[in-house]
1. Grab the Cα-Cα distance for Arg146 and Asp57, subtract it from 0.36 nm times how many residues apart they are, and report the gain in nm with one decimal.
2. Using the alpha-carbon atoms, what tilt in degrees (0 to 90, nearest 10) does helix 16-29 show relative to the longest principal axis of the chain?
3. In whole Hz, what ³J(HN,Hα) sequence does segment 102-108 give by Karplus (6.51, -1.76, 1.60; θ = phi - 60°), x for Gly and Pro?
4. Just the Kirkwood number for the chain, please: inverse of mean 1/r across all distinct Cα pairs, in Å, one decimal.
5. What is the sum of charges, Lys and Arg at +1 and Asp and Glu at -1, for the other residues whose Cβ falls under 12 Å from the Cβ of Arg46?
6. Using helices alone, what [θ] at 222 nm do you get for the chain, with -39,500 (n - 2.57) per DSSP H run of 4 or more residues, divided over all residues and rounded to the nearest 500?
7. Before I look further, what does segment 1-145 give for accessible area per residue, probe 1.4 Å, in whole square angstrom?
8. Label 7 Å along Cα→Cβ of His41; segment 82-120 residues with amide nitrogen under 13 Å?
Amino acid sequence: MSVTEVVIIMGSASDWKHLDRATGVLDDLGITYRVHVSSAHRTPERTVALIRRAEEDGCRAFICAAGMAAHLAGVVAAHTLVPVLGVPLPGGVLDGMDALLATVQMPAGIPVATFAVGSAGARNAAFFAAQIIAAGREDVARELSRCRQDDQRGVEQAESQLLASLKPGSS
């Protein structure tokens, strides 16, 4: 049995354009994952089967992304004790606000950690999954620390470039 640490489930293949950045984060951090398309409404039995297989394979976190009614993360959370990270996706008449509210409003005892709408949320969900995994994998913890240090240097360099471009006497 090979361990798959993160399972990403999206409600539609068209959602991939928002989730590809999440897999980039997981790749960079050396975290194993699988990607699936499964609908809470159209393929509920398949969704439950994917959850069971993921649990058997040692899954440490699910990243679930869906738009509009966005029930996928809640359905997954109802069928597992593994942390579920919900990524609401833009679309529909409310451009993701409906998905955000559907994902964040879970009944007590069935939590879904909810992130920002779209690609930024997907990326943060991957970092959050990495933090869960880092508790048991020191190599992931070191890589996360390195990422934060790189981000800090990037901000400092951006400030230096900005200040260098300003007229003398302004800061």
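1. Gain on extension, Arg146 to Asp57, equals 29.2 nm.
2. 70
3. Once θ is set to phi - 60°, the couplings for segment 102-108 become 5, 7, 7, 8, 9, x, 4 Hz.
4. Its Kirkwood hydrodynamic radius stands at 16.9 Å.
5. +2
6. Mean residue ellipticity at 222 nm (helix-derived): -16500 deg cm²/dmol.
7. 47
8. 92-93, 99, by backbone N distance to the label point.
The values are calculated or read from the model by the stated rules, or taken from the named source; none is laboratory data. Not measured: the values here are computed from a predicted model. Virtual Cβ from ideal backbone geometry, glycine too; neighbours counted across all protein chains shown. What goes into the accessible areas is simple: the full protein's heavy atoms, side chains included, and nothing from ligands, DNA or RNA. Shrake-Rupley method; radii C 1.70, N 1.55, O 1.52, S 1.80 Å.
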